[in-house]
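**Student:** Sharing a structure, written as structure tokens. Questions coming.
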Amino acid sequence: MPDFFEATPMALWLEDYSALHAQFERWRAEGVTDLRSWLLLDPDRLRHCAGLIRIRRVNRQALTLFGAASQTELMDRLGDVLRDDTFEGLAGELDQLWRGQGGFHSQTVNYTLDGRRLDLSLKAVALADESRPWDRILVAMEDVTPLQEARRQAQASARDAREFFQQAPVSLWVEDFSAIKRLFDELREQDISDFRTFLDVHPDFIDRCLQEIRVIDVNDYTLELFKADSREQLIERVGDIFREESRLSFAEQLVELWHGRLFHQKEVQNCTLAGDVLYIHLQLSVFQGHEEDWSLVLVSLTDITARKKAEAYLEYLGKHDVLTQLKNRSFFVDELGRLQRKRAPLVSFIALDLNNLKQANDEGGHAVGDDLLRRFGEVLNKAVDRPGQAARIGGDEFVVLLPGCDEAATRKVRDNIHSLIELNNQYYGGIPLSVSAGEITCRDPAALEQALREADRALYEDKRRYYTTHERRH
């Protein structure tokens with residue numbers, strides 16, 4: 001199993017906010033309701049909050065980004081990384097956590113260890129832990145310094161605009177939307193007011209608007225990003241870039257323009273000319289002086305494919321146990337709650353527990369025990385089909401959740417698990433897989449938690465029999 005934390009192509013920080021959570025609870029008890037205003041009243045409160053955050057771990061990409069030789073060096077020099085302008089975004093981050101969003105998005109500024117400014121886009125998610133809230137906050141950092149620096153340069157010197165356009169490290173398109181503006185004016189003359197409904201009734205209008213866009217120029221980075229040999233090739237094959245997903249997002253851009261929002265941004269999906277999927281952060285702006293006819297429009301495209309992959313990984317971590325690839329306890333609790341709210345009329349449980357994990361750890365160390373857990377994860381992933389779900393809810397404790405399965409179907413799943421365990425033991429040497437199990441079928445939507453406890457009791461009775469028989473043999 002690869003270490004996804006280390007392999008992720010973005011800087012990742014695993015942080016402990018549990019002390020901050022406790023501070024928030026004290027402030028709530030003291031009557032604080034608007035955290036953002038409360039923090040901004042006194043900058044020392046922000047510094048206090050920052051001091052409560054503890055760093056657990058960073059990945060190699062984070063060390064590279066900040067120019068650190070080791071995690072120890074980075075931790076020892078956090079004062080060089082986090083300066084006063086870093087706190088400008090912290091209040092917004094803390095306010096999102098205060099409001100129960102389970103994470104935050106923000107734009108902030110950090111500094112490398114050699115003093116270079118870093119403009120960063122942050123996305124954080126709280127990994128569930130009922131016993132210690134916020135003790136694991138995973139923060140993904142995207143370096144947007146080139147984009148922000150390009151914007152600063154453009155604002156600082158109009159004389160260098162053309163050079164900036166060509167050398168900018170983001171994809172830039174200069175386009176003519178004047179034909180679209182004329183089409184909009186014609187619709188308004190026909191007393192069309194509900195534009196979104198109009199698009200629903202006339203989806204061909206979206207395609208017509210796409211065809212009316214005239215590309216005036218693109219920069220060199222655009223050719224590289226979309227794998228085009230020349231501007232002429234890119235413009236000729238622009239239809240290969242904008243596929244069905246792009247068409248839907250373009251419809252939303254048309255709605256923005258219809259309502260007069262001449263600057264807007266979206267996350268969209270495009271394709272390279274080679275067919276590779278690109279996730280793009282798009283910003284569209286009508287040039288100053290061209291607001292009446294839209295004859296000059298700047299479209300900026302930032303490749304966020306790596307970030308989207310990192311977000312997918314964050315989402316995966318929130319629901320899965322990385323070692324076994326099964327669902328985790330947090331997912332199981334949420335799914336059980338969903339079935340209770342839905343009042344599912346028939347749900348079965350199979351509670352499972354590895355019999356010899358302690359033996360594996362004692363004889364070979366935790367690496368051998370982890371290997372045993374991974375093997376059982378393979379078994380359950382093959383044995384349980386949707387809508388069933390297998391989850392690791394503790395160290396060596398597992399539950400199979402089977403909505404809609406009666407006793408016979410549940411026994412079939414259990415027997416399949418045992419058959420696959422036998423096959424797994426034939427394939428792997430060393431300590432064999434062995435599990436104790438307890439199962440129950442519940443037909444009362446209000447008694448799911450009670451049924452789960454009964455499955456646990458049946459499991460422990462099976463485990464008692466196993467160890468009694470095992471001791472007799474020895």
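The values are calculated or read from the model by the stated rules, or taken from the named source; none is laboratory data. Being a predicted model, the structure only gives us computed values, none of them experimental. FYI the Cβ positions are ideal-geometry reconstructions off the backbone, even for glycines, and counts take in every protein chain you see. These accessible areas exclude ligands, DNA and RNA; they are computed on the full protein's heavy atoms, side chains included. Shrake-Rupley method; radii C 1.70, N 1.55, O 1.52, S 1.80 Å.
**Student:** Search segment 47-97 for residues being under 25 Å from the mean Cα position of the chain (by Cα) and among the charged types (D, E, K, R), and hand back the single one that is farthest from Gln23 (Cα to Cα).
**Tutor:** Out of the qualifying residues, it is Arg60.
**Student:** For segment 309-344, which positions are of a type in the set (A, V, I, L, M, F, W, C), modelled with pLDDT of 85 or more and assigned to a helix (DSSP H, G or I)?
**Tutor:** Hits for segment 309-344 are Phe331, Phe332, Val333, Leu336, Leu339.
**Student:** Let me ask another. Could you check, for segment 155-165, whether at least one of its residues is modelled with pLDDT under 90 and touching a Pro at 6+ places or on another chain (Cβ under 9 Å)?
**Tutor:** Within segment 155-165, none of the residues are modelled with pLDDT under 90 and touching a Pro at 6+ places or on another chain (Cβ under 9 Å).
**Student:** Could you figure out which of (1) under 20 Å from Val139 (Cβ atoms); (2) open to solvent by 70 Å² or more (accessible area, probe 1.4 Å); (3) in contact with a helix residue (DSSP H, G or I) (Cβ under 7 Å, 6 or more places away or on another chain) isn't true of Leu40?
**Tutor:** The failed condition is (1).
**Student:** A further question on this structure: Could you grab me the full set of residues in segment 222-281 that are under 28 Å from the mean Cα position of the chain (by Cα), within 23 Å of Gln166 (Cβ to Cβ) and assigned to a helix (DSSP H, G or I)?
**Tutor:** Thr222, Glu224, Leu225, Ile241
**Student:** Considering only segment 52-73, I want to know if a residue exists there that is among the charged types (D, E, K, R) and within 15 Å of Tyr111 (Cα to Cα).
**Tutor:** yes
**Student:** Another question, then. Please go through segment 281-306 and give me each residue that is open to solvent by less than 40 Å² (accessible area, probe 1.4 Å) and touching a residue at least 40 places away in the same chain (Cβ under 8 Å), ordered by number.
**Tutor:** Val286, Trp294, Ser295, Val297, Val299, Ser300, Leu301, Thr302, Ile304
**Student:** Something else: Could you please let me know if Glu363 is over 21 Å from Ala447 (Cα atoms), over 33 Å from the mean Cα position of the chain (by Cα) and acidic (Asp, Glu)? Lay out the reasoning, then the answer.
**Tutor:** Working: over 21 Å from Ala447 (Cα atoms): yes; over 33 Å from the mean Cα position of the chain (by Cα): yes; acidic (Asp, Glu): yes.
Criteria met by Glu363.
**Student:** Go through segment 183-195 and count every residue that is loosely packed, with under 13 Cβ neighbours inside 10 Å and under 14 Å from Leu257 (Cβ atoms).
**Tutor:** Counting residues in segment 183-195 that are loosely packed, with under 13 Cβ neighbours inside 10 Å and under 14 Å from Leu257 (Cβ atoms) gives 2.
**Student:** Follow-up. With the structure loaded, tell me whether Leu63 is free of Cβ contacts under 8 Å to residues at least 12 places away in the same chain and surrounded by 16 or more Cβ atoms within 10 Å (Cβ to Cβ) or whether it fails that test.
**Tutor:** Answer is yes for this residue.
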